[in-house]
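Below is one structure; the comments refer to it alone.
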Amino acid sequence: MSNQASTKPKPTQFYELRCRECHTPWGNQPISFCQKCFAPLEVVYDWASIKPLISRDEIARRGTTLWRYKELLPLPDEYDASLPVGFTPLVKAANLGDALPGGSARNKSLYLKNDASCFPTLSFKDRVVAVALAQARNFGFEVVSCSSTGNLANAVAAQAARGGFKACVFIPSDLESAKVLGTEVYGAQIVRIAGNYDHVNRLCSQIADKHRWGFVNVNLRPYYAEGSKTVGYEIAEQLGWRLPDNVVVPMAGGSLITKIYKAFKELVELGLVEAKNVKFFGAQATGCSPISTAVKAGRNEIQPQKPATIARSLAIGNPADGFYAARTIASTGGWAEDASDPEIVDGIALLAETEGIFTETAGGVTVASARKLYAQGRIKPEETTVLCITGNGLKTTDALVGRYEASEPIAPKLAALEEYLEQKLVGVYEAFGEARAGARGGVL
Ligand SMILES: *Cc1c(COP(=O)(O)O)cnc(C)c1O
Ligand SMILES: [Zn+2]
């Protein structure tokens, strides 16, 4: 694509699909596999033509959404950039750094990329859907669809409602009720499948060609996946156009981690950041850890697993990009870890108690895995490390049932409150000895 004959009309879209393995170009169409060798397709760009269009200053002038990186995304000429998706906060996490193993914690250069606050449905899936629906419109689809472990269904349903698409989403029957409700509320048709995500996805692959539907993670998958790159662009820009030493990324299908890698590489290629060997660390739930198991065994080939974990958003036993995720991790000198269900819940609580951020089970997986990576010395305290917090805890409150006991209500009387504090909060109460003395004087 980069060596177009000069007689051809100047293309306005500097991207197209290409086979990841045999490199056959396939133009732009709603397909995800090479029709010759069946390897997955990927979007490639004509960087020589894009480079003059973009600079740090130009990006800084634009709105704080993922559309500020529009030249680096596979967007059609006509697309609606009015939905303010992305550009979530990158927050320094000194308290969490203190709580993680690895010594003198205050100097830990630890950051959280907080997609628990992503607009509009509080997970990083809003990013991939924003890009996929731009292409769905371009290809003339009226119905958009997906197979989902929950967050993707939320994002497709919400953005379809706003964009005037009909949405029909397919989910495993055991999803968290907040994720089901958070799809239904937008008027989407939900098809619950009695099976796990891998059953759901196989079914969707079989019907994608039959119906002329835009399945964001099936026939639109190459475009969809590019939306994940914006996590990487934002991390670099928010660090002051620098790359971190390490990133820790939760893995389901394994796409996000490979796309953050791709994003960093592209920024280097465009001269927007200096080259650096960033180490990529993958995080999975032990109950569904096909990628981390492969990494620990020193191979890239994935052996599918049958998922059994509370981290339902990551419960993909046969990850589409597992091979590429494992290869990315190994080639950067990173590692992969996984967390048991109790460790995931502890990770959720630790993040909430230290940083005031309530993440879903996937974020618990990330925090719990990071804890292990610090303890193993694979991540050094002084290195700049970014944990990807990809979803919101209000969607997976089921995971915390039983952790906090509801206390008996007390009478709205000062005496009752005094007694309660004496009984239940002795430690806290004593820590505020002076306040107590004041309270006796009638201040409380
Ligand atoms: C989908 C999802 C992921 C993982 O994404 P992949 O690109 O499939 O690896 C991580 N976190 C959350 C909350 C998700 O919904
Ligand atoms: Zn091919």
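Where the alpha-carbon atoms of the stretch 5-89 are placed on the principal axes, they occupy 42, 34, 22 Å, in descending order. For Lys296, a cut-off of 13 angstrom between C-alpha atoms picks up these aspartates and glutamates, skipping any fewer than 8 places away in its own chain: Glu337, Asp338.
If you wrap the chain's Cα atoms in a convex hull and average its projection over all directions, what's the area in nm²? The directionally averaged projection comes out at 24.7 nm². For the chain, the longest principal axis of the C-alpha atoms and the axis of helix 341-355 are separated by about 80°. Of Ile410, Ile329, Ile171, the residue with the greatest mean-square motion in the GNM of the chain, using alpha carbon springs below 10 Å, is Ile410. Computed per residue of the chain from DSSP H runs no shorter than four, each worth -39500 (n - 2.57), the mean residue ellipticity at 222 nm is -11000 deg cm²/dmol. In the chain, taking the dipole from charged Cβ atoms about the Cα centre, the farthest positive-side position among Pro290, Pro307, Asn114 is held by Pro290.
Within the same chain, aspartates and glutamates fewer than 8 places from Lys51 are excluded, and of the rest, those with a Cα less than 12 Å from its Cα are Glu71, Glu266, Glu269. Angle of helix 361-375 to the longest C-alpha principal axis of the chain, folded into 0 to 90 degrees and rounded to 10: 80°. Remark on Lys279: its backbone amide H falls under 5 Å from those of Asn246, Val247, a criterion applied only to residues 5 or more positions apart or on other chains, H modelled at 1.01 Å from N. With contacts taken as Cα pairs under 8 Å and at least 6 residues apart, the chain reaches a relative contact order of 15 percent. Counted without the sites themselves, the longest stretch of the chain free of chymotrypsin sites (Phe, Trp or Tyr not before Pro) in a DSSP loop having at most 14 other beta carbon atoms within 10 Å is 39-240. Taking the square roots of five times each eigenvalue of the Cα gyration tensor of the stretch 214-300, the equivalent ellipsoid has semi-axes of 24, 19, 10 Å, listed largest first.
Applying both filters, DSSP loop and at most 11 other Cβ atoms within 10 Å, to the GluC sites (Glu not before Pro) of the stretch 230-326 gives Glu274, Glu301. With kT/(6 pi eta Rh) evaluated at 37 °C and eta = 0.692 mPa s, and Rh the Kirkwood radius from Cα pairs, the stretch 268-320 diffuses with a coefficient of 255 µm²/s according to Stokes-Einstein. Based on alpha-carbon atoms, the Kirkwood radius and the radius of gyration of the stretch 56-175 give Rg/Rh equal to 1.09. Note on the chain: GNM, Cα springs under 10 Å; of Gly27, Gly402, Gly97, the largest mean-square fluctuation is that of Gly402. Helix 151-163 and the longest principal axis of the Cα set of the chain meet at an angle near 70°. Projecting the Cα atoms of Val131, Phe170, Ala160 onto the charge dipole of the stretch 103-225 (Cβ charges, centred on the Cα centre) puts Val131 farthest toward the positive pole.
Read-outs: derived from the displayed coordinates by stated rules, not from any lab. What you are looking at is a predicted structure, and each value in this text was computed from that prediction instead of being measured. Neighbour counts run over all protein chains shown; Cβ positions are idealised from the backbone, glycine included.
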